[in-house]
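Asks: Please find one structure pasted underneath; my questions will follow.
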Amino acid sequence: MAKIVAFIPVRGGSKSIPLKNIKSFCGKPLVYWNINSLQNAKSVVEIIIATDSDLIESTIKSFNFSKVEVYRRTPENAIDTASTESVMLEYINHSKLKGEDLFMLVQATSPLTETIHFEEALSIYAEGKYDSMLTCVRNYRFFWNPDGSSKNYDYQQRPRRQNFEGELMENGAFYINTVENILKSGNRLSGKIGIYEMPEYTATEIDEPDDWMILENLMRKHILVKKADNLIKLLLTDVDGVLTDAGMYYSERGDELKKFNTRDGMAFELLRNAGIKTGIITSENTSIVERRATKLKVDYLYQGKREGGKLAAAIEICKKEGITLEDVAYIGDDINCFDLLSSVGYPACPADADERIKCIPNIIILKRVGGDGVLRELVNELFFQNSLNIQ
């Protein structure tokens with residue numbers, strides 16, 4: 001029986017953006033996004049990451065995806081001038097795949113590709129109408145020839161966008177073919193070629209720094225909001241260094257004071273209105289935090305050191321809610337948050353968090369520092385970037 005293998009080539013060398021394939025993109029290494037989508041595609045049996053880099057290999061393995069295998073490509077097929085086809089053929093000859101097996105080339109530089117895109121394209125291919133397939137987006141731009149003649153429209157009768165069919169443009173997201181066809185043609189495409197049309201926002205591939213900025217915004221708008229709305233059931237946060245600037249303030253009478261940010265207060269309100277449970281977990285035990293939690297109307301407040309630390313507190317909350325840690329987002333900043341951050345589905349930290357915290361796999365490193373509205377930043381990105389104009 002034929003199997004479906006996804007193949008992602010990721011070189012360590014990149015002139016425009018060094019090590020771009022594992023550079024943080026919306027809080028996770030760039031290559032993570034396609035791997036995650038493929039992991040969730042039921043029809044995909046294996047995900048092969050072809051790399052020449054020790055650092056990329058260790059990053060890939062830290063994801064702990066069950067379908068993933070790392071293939072160490074040869075040096076000659078990892079240089080700038082090496083074609084993608086060369087490393088595809090290298091792996092196929094190495095792996096001894098069957099001729100009828102489906103080989104899906106996936107580009108890490110197209111991180112907005114979702115599970116549904118892979119599944120729909122594979123479903124179309126399974127109908128047997130095409131020998132190979134590629135992905136395209138519909139482009140509604142008007143094109144011209146160097147001699148001043150219009151290429152794809154009549155400029156004397158300029159069509160309105162809604163009446164213009166546009167043109168299909170290859171977006172480089174992924175390609176489908178059989179192993180047999182690739183070996184015969186030496187190419188990712190061959191025979192009768194079919195097209196799977198993807199959303200217009202997937203048109204850009206990451207090649208230059210400007211592409212990075214554009215695609216991060218599109219990822220937040222079209223992908224992250226949807227994922228967070230569907231998956232996150234509970235948002236937890238630390239206090240000192242997150243909701244506060246970690247400073248210790250004392251009045252003349254010796255009273256301890258803490259500085260909170262009102263923008264984080266609005267974040268709790270937005271979450272509450274969206275039906276998402278919230279909680280505060282802190283090692284300290286103060287009446288200040290208790291009063292703040294009451295005002296914020298958080299669902300859970302756990303103060304003071306306990307056996308098992310913050311992780312134990314989060315597990316207890318999850319049991320009460322009937323959810324798992326995969327359904328939880330947590331923002332922390334220091335080593336006493338390490339176990340919990342390493343266990344939740346959506347870990348995040350402020351920009352000034354401890355360096356060991358920043359090294360936790362897949363953690364979202366925010367732009368703001370503790371006490372400067374970091375919780376609001378996280379909430380905006382995960383839940384409301386697409387639907388609310390929040391400043």
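Asks: Which far-off residues, 5 or more places away or on another chain, put their amide H under 5 Å from the one on Ala173, with H placed in the peptide plane?
Replies: Amide H neighbours of Ala173, under 5 Å, 5+ apart: Thr135.
Asks: Shifting gears a bit: How high is the relative contact order of segment 232-384, in percent, counting Cα pairs under 8 Å that sit 6 or more residues apart?
Replies: On the way: 286 pairs, mean separation 43.6, N = 153.
The value is 29 percent.
Asks: Express in whole angstrom the spacing between the alpha-carbon centres of segment 314-356 and segment 1-23.
Replies: With segment 314-356 and segment 1-23 each reduced to a Cα centre, they are spaced 29 Å.
Asks: Report the one residue of His222, Val10, Leu55 whose Cα lies farthest in the direction of the positive end of the charge dipole of segment 4-222 (charges on C-beta: Lys and Arg +1, Asp and Glu -1; origin at the Cα centre).
Replies: Highest projection toward the positive end goes to His222.
Asks: In the P(r) worked out for segment 4-222, what percent of Cα pairs fall beyond 27 Å?
Replies: Numbers: 8493 of 23871 pairs.
Distances greater than 27 Å cover 36 percent of the Cα pairs.
Asks: So, one more: What are the residues whose amide H is under 5 Å from the amide H of Leu168, where those residues sit 5 or more places off or on another chain and H is modelled from the backbone?
Replies: For Leu168, the qualifying residues are Asn139.
Asks: Another question, then. Give me the number: length gained by fully extending Ala312 to Glu200, i.e. 0.36 nm times residue separation minus the C-alpha to C-alpha distance, one decimal in nm.
Replies: Gain on stretching Ala312 to Glu200: 35.9 nm.
Asks: Right, next: Starting from segment 245-313, pick out the GluC sites (Glu not before Pro) whose DSSP state is loop and whose Cβ has at most 15 other Cβ atoms within 10 Å.
Replies: On the way: sites: Glu252, Glu256, Glu269, Glu284, Glu290, Glu307; in loops: Glu252, Glu284, Glu307.
Sites meeting the loop and neighbour criteria: Glu252, Glu284, Glu307.
Asks: Separate question: Among Ala353, Gln303, Ala78, pick out the residue whose Cα is farthest towards the positive end of the charge dipole of the chain, where Lys and Arg carry +1 and Asp and Glu carry -1 on C-beta, about the Cα centre.
Replies: About the Cα centre, the residue reaching furthest to the positive side is Gln303.
Asks: For the chain, with only Lys/Arg (+1) and Asp/Glu (-1) charged at the beta-carbon, what is the dipole magnitude about the Cα centre, in debye rounded to 20? Intermediate results must be reported in sequence, preceding the final value.
Replies: Numbers: 48 positive and 56 negative charges, 151 e Å.
The calculated dipole for the chain is roughly 720 debye.
Asks: Can you find, among Phe118, Ile193, Ala267, the residue farthest towards the positive end of the dipole of the chain? Put +1 on the C-beta of Lys and Arg, -1 on that of Asp and Glu.
Replies: It is Ala267, whose Cα lies furthest towards the positive end.
Asks: Starting from the Cα-Cα distance between Arg291 and Lys98, subtract it from 0.36 nm times their residue separation and give me the gain in nm to one decimal. It would help to have the intermediate numbers written out before the result.
Replies: Values: separation 193, 0.36 × 193 = 69.48 nm, distance 6.54 nm.
In short, 62.9 nm is gained.
Asks: Within 10 Å of each candidate Cβ there may be at most 15 other Cβ atoms; applying that plus a DSSP loop requirement, which trypsin sites (Lys or Arg not before Pro) in segment 163-248 survive?
Replies: Working: sites: Lys184, Arg188, Lys192, Arg220, Lys221, Lys226, Lys227, Lys233; in loops: Arg188, Lys192, Lys233.
Passing both the DSSP loop test and the Cβ count: Lys192.
Asks: If you don't mind, there's one more thing I want to ask. Below 18 Å, Cα to Cα, which aspartates and glutamates can Lys221 reach? Residues fewer than 8 away in the same chain don't count.
Replies: Glu114, Glu200, Glu205, Asp210, Asp211, Asp229, Glu377, Glu381
Asks: Per the helix-only calculation at 222 nm, which mean residue ellipticity applies to the chain, given -39500 (n - 2.57) for every DSSP H run of n ≥ 4 and division by its residues, nearest 500 deg cm²/dmol?
Replies: Values: 13 runs with 116 residues, N = 391.
After summing the helix terms and dividing by the residues of the chain, the value is -8500 deg cm²/dmol.
Asks: In the structure shown, do any of Lys305/Lys358; Lys3/Lys129; Lys23/Lys61 have a Cα-Cα gap over 25 Å, and if so which? Display every interim value, and only then the final one.
Replies: Details: Lys305/Lys358 23 Å; Lys3/Lys129 18 Å; Lys23/Lys61 15 Å.
Check vs 25 Å cut-off fails for no pair.
Asks: Moving to a separate point now. Given C-alpha coordinates of the chain, what is the ratio Rg to Rh with the Kirkwood estimate of Rh?
Replies: Working: Rg = 24.5 Å, Rh = 23.4 Å.
On the Cα set of the chain, Rg over Rh gives 1.05.
Asks: Among the lysines, which have Cα under 16 Å from the Cα of Lys295 when same-chain residues fewer than 8 positions away are ignored?
Replies: Partners found: Lys258, Lys259, Lys277.
Asks: To the nearest 10 degrees, how steep is helix 115-125 against the longest Cα principal axis of the chain, on a 0 to 90 scale?
Replies: In the chain, helix 115-125 runs at an angle near 20 degrees to the longest axis.
Asks: Could you work out the per residue convex hull volume over the alpha carbons of segment 1-125, in cubic angstrom? Please list the in-between numbers first.
Replies: Details: hull volume 13.6 nm³, N = 125.
Enclosed volume per residue, from the Cα hull, is 109 Å³.
Asks: Looking at segment 318-384, which trypsin sites (Lys or Arg not before Pro) are DSSP coil and have at most 15 other C-beta atoms within 10 Å of their C-beta? Can you show the working numbers first?
Replies: Details: sites: Lys319, Lys320, Arg356, Lys358, Lys367, Arg368, Arg376; in loops: Lys367, Arg368.
Filter output for segment 318-384: Lys367.
Rule-based calculations on the coordinates, nothing more; no lab input. Quick caveat, the model's predicted, so the values are computed rather than measured. Virtual Cβ from ideal backbone geometry, glycine too; neighbours counted across all protein chains shown.
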